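The structure under discussion appears below in the form of structure tokens.
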Amino acid sequence: MKDETVYLDNSSSTKMDERVLEAMRPYLFEKYAVASSEFGYSLGIKAKEGLEDARSTIADKIGADAEEIIFTSCGTEASNLALKGVAKKLSEDKDHIITSKIEDFPVLKSAQSLEKEGYEVTFLEVDDEGFVDVDELEKAIDEKTGLVSIQHGNQEIGTVQDIEEISKICDQNDVLFHTDATHTFTKLPIDVSKTPIDLLTLSAHTIHGPKGIGALYVKDGTDLEKLMDGGFQENNRRAGVENIPGAVGFAKAVELVTEEENERLKEMRDALIKKIKDEIPDTTLNGPAKDRTPQNANITFHYVEGESITLHMDMRGFSVSTGSACFSKSLEASHVILGIGGDHERAHGSVRFSFGRYNTMEDVDRTVEAISEVVERLREISPLGKDK
Amino acid sequence: MADLPYTEKVIEYFKNPKNVGKIEDADGKAKEGSPACGDMVSVYIKVDEETKEITDIKFESYGCASNIATGSIITEMAKGKTIDEAKKITWNDAAEELGGLPKMKTHCSVLAVEGLQAAIADYEEKHGLVKEQKPTTKEIVEKRLRHVMNPMTGLDVVRTDLINDIKVKDGVISLKVDLVEDHQFANAIKEDIMEKLEHLWDIEEISIEFKDS
């Protein structure tokens, strides 16, 4: 691949920071032993130290105690563990679960699996910007409700839910609250010592950390069933040899994020949204203008199809993604765009641009220039349009 | 760029499609939409009245790469052929000409072939060339309406029950649309329905009833 590729799919995954690799290296080639207790051999003790330091770093970032962090193989596993692990411990008179229609697949599919197993699941509607109505949530909670799972930031359209308010309502009603923070962790403040969150999903590869490592925050005292049988790792809550290089890399990635960087993401996001709005006719911003994740812009270019846009963009060296059914392996249009009341046409021409550490303002200009040309070209071919 | 699921020829036609556009005074035209993915394609033909040869053909696409490439190749394949010859062009012929298409993209590309067939059928209907004039039945109407998209769901209007109570009697088709008349899509759907049904040889009137507001 050419160096001048402009990568704008950082919500799918990011380029790992080289400093992360440097932090991981000793745990791959020197302190590679399995983590062991203080009664083990020294190589294992050193490995264990690395693991526990990483755990503390991640816990500190969200105001948790280190013991409340369980390392998993990824964010998907963390969300599966949160929903299924909690559900299996819910008593029979508390088997109602509430989530939203626009959750990312790990939560959505876990909830659907539980529904098949006999749990009652409510999938809350969202408004046209993707927000869960807090009053609707309150109405949906009844004496049988055991768990609520509402994401922090949306994967596609960037909507940031009011988890302060949502978690409070859950707390007042004595209901457990899980939030998937994959797209907000390190980018927006999260403090579980102040906000009554019981479970929280984290991932490393979306913040320039390594793939293959995620974590679940589980508030002390929360009952959780293990999903995989095996050893007693992670306080007997997640079996399998710990991915120590991954955990160390994850912690390093957390340390490397700065407020300046988050500000820069917002500036690039806002510049792109404004430029597209000013320069390309017939576009719609998907998701809110305010309360939006710093890295995310999602825009529908009417009268054209998303896979055609992404393919043309790719040929020009830009990586972006689309919610068009034609692009997805399942041939299903984005459930998020449909969930905010958009029709298939809106999903058909939707493009997500997601920024990361290695993007620059110059990338924004180049991207808008390229997409402007691509859209104009495809509109010439299209049977649809204002003057057609 | 990494390896794509498309052949070089598909990419070439996708980048530089041939015969793109509209023919204002077309002799036959059709617009086909795919219920599965939301793609759409329009095909316009000019036909020599004497020789029945397709003298000009153009297409427009609101679709993905395979849709655009197939639209392009079938216009090239059909140009210069008589309508009877062009009718025989299948999706397989088009796919072969393109060096193959991904399996899961079949429906996006079939659409372009259906568009050509429908444009020819439109020409034949308008010029009284339909040989076997079967009387129009409810089933025929339904079959045609399966090509009209319900813009709210991206699926066809019959499958989504947006259109119901179809009756055919004495040259009149009557049907009900489950939308109020001032709904934002009401007009577009009405136009699509008219386009699909108005050239049926034994139909004189189409009565479309909307829901009471």
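Miscellaneous remarks
- Note on A:374-384: average number of Cβ atoms from other chains within 10 Å of each residue's Cβ is 5.
- For the peptide A:304-312, the mean number of other protein chain Cβ atoms found within 10 angstrom of a residue's Cβ is 6.
- In chain B, the calculated helix contribution to ellipticity at 222 nm averages -10500 deg cm²/dmol per residue, counting -39,500 (n - 2.57) for every DSSP H run with n ≥ 4.
- Ranking of A:Ile276, B:Ile57 by count of other Cβ atoms within 10 Å, fewest first: A:Ile276, B:Ile57
- For A:Asp180, residues with placed amide H under 5 Å, excluding near neighbours: A:Ile150, A:Gln151, A:His152, A:Thr201
- 222 nm mean residue ellipticity, helices alone, for chain A (DSSP H n ≥ 4; -39,500 (n - 2.57); rounded to 500): -12000 deg cm²/dmol
- Percent antiparallel among DSSP beta bridges (both partners in the stretch A:120-244, rounded to 5): 55 percent
- Converting phi to 3J(HN,Hα) with the Karplus coefficients 6.51, -1.76 and 1.60 and the offset θ = phi - 60°, the stretch A:194-206 yields 10, 9, x, 9, 9, 9, 8, 8, 10, 9, 8, 6, 8 Hz in sequence order, with x at every glycine or proline.
- The relative contact order of the stretch A:48-190 comes to 22 percent, based on Cα pairs under 8 Å that sit 6 or more residues apart.
- Mean separation of Cα pairs under 8 Å and 6 or more residues apart, divided by the residue count, gives the stretch A:18-256 a relative contact order of 27 percent.
- Across the stretch A:140-151, rounded Karplus estimates of 3J(HN,Hα) from the backbone phi angles (6.51 cos²θ - 1.76 cosθ + 1.60, θ = phi - 60°) give 6, 6, 10, 5, 8, 5, x, 8, 10, 10, 10, 5 Hz, Gly and Pro being marked x.
- For the protein assembly as shown, the direction-averaged projected area of the alpha-carbon convex hull comes to 30.8 nm².
- Burial ranking of peptide ranges B:193-200, B:84-91 (average Cβ count within 10 Å, highest at the top): B:193-200, B:84-91
- Partner chain coverage, peptide B:61-71 - average Cβ within 10 angstrom: 6
- Helix axis angle, A:105-116 relative to chain A longest principal axis, alpha carbon, degrees: 70 degrees
- Only Cα pairs under 8 Å and 6+ residues apart enter the sum, and on that basis the relative contact order of the stretch B:8-126 stands at 33 percent.
- Annotation: the antiparallel percentage among DSSP beta bridges lying fully within chain B is about 70.
- If both residues of a DSSP beta bridge must be in the protein assembly as shown, then about 60% of such bridges are antiparallel.
- Taking amide H atoms as placed 1.01 Å from N in the peptide plane, the amide H of A:Asp9 lies under 5 Å from those of A:Ser354, each 5 or more residues away in sequence or on another chain.
Quick note: the coordinates plus some simple rules give every number you see, no bench work behind them. Computed from a prediction, not measured in an experiment: that's the story for all the values here. We place every Cβ from the backbone using ideal geometry, glycine too, and count neighbours over all the protein chains shown.
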